[in-house]
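Encoded as structure tokens, the structure appears first; notes follow it.
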Amino acid sequence: MENKSFAIEGMTCAYFAQTVEKAAKKVRGVTQASVNLATEKLSIEYNEPTFSVENLQKAVDNSGYELIAQEGKTQTFAI
């Protein structure tokens, strides 16, 4: 299992966050999906061989929001 986070644009309430989660969970290879509304981040757990970022992006875009699929390092800072 792998983990990845993506920025989501266009969410303004918890209902919208649930919509994005549901769309992400339907993507082949995604085993878990959760959205943090405050940070506008979608975090997923997925199976590497069957998962496609392009499919995830299409699913989120089709639900009315924009997934920002930037490759690069994720950094976590303690505050």
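The values are calculated or read from the model by the stated rules, or taken from the named source; none is laboratory data. Treat the numbers as computed from the prediction; the structure is a model and nothing was measured. FYI the Cβ positions are ideal-geometry reconstructions off the backbone, even for glycines, and counts take in every protein chain you see. Surface accessibility is based on the protein's heavy atoms, side chains included, excluding ligands, DNA and RNA. Shrake-Rupley method; radii C 1.70, N 1.55, O 1.52, S 1.80 Å.
Can you give me the relative contact order of the chain as a percent, contacts being Cα pairs under 8 Å and 6 or more apart?
Details: 126 pairs, mean separation 29.4, N = 79.
Value for the chain: 37 percent.
Of the solvent-accessible surface of the chain, computed with a 1.4 Å probe over protein heavy atoms with every protein chain present, carbon and sulfur atoms account for 46 percent. Coordinate range of the alpha-carbon atoms in the chain per principal axis, descending: 32, 32, 19 Å. Calculated FRET efficiency, residue 38 to residue 69, Cβ-Cβ distance, R0 = 22 Å: about 0.60 to the nearest 0.05. Surface calculation, 1.4 Å probe, protein heavy atoms: residue 11 sits at approximately 10 Å² accessible. Rolling a 1.4 Å probe over the heavy atoms of the protein chains gives the chain an accessible area of 69 Å² per residue. Once all protein chains are placed together, residue 27 keeps about 10 Å² accessible to a 1.4 angstrom probe.
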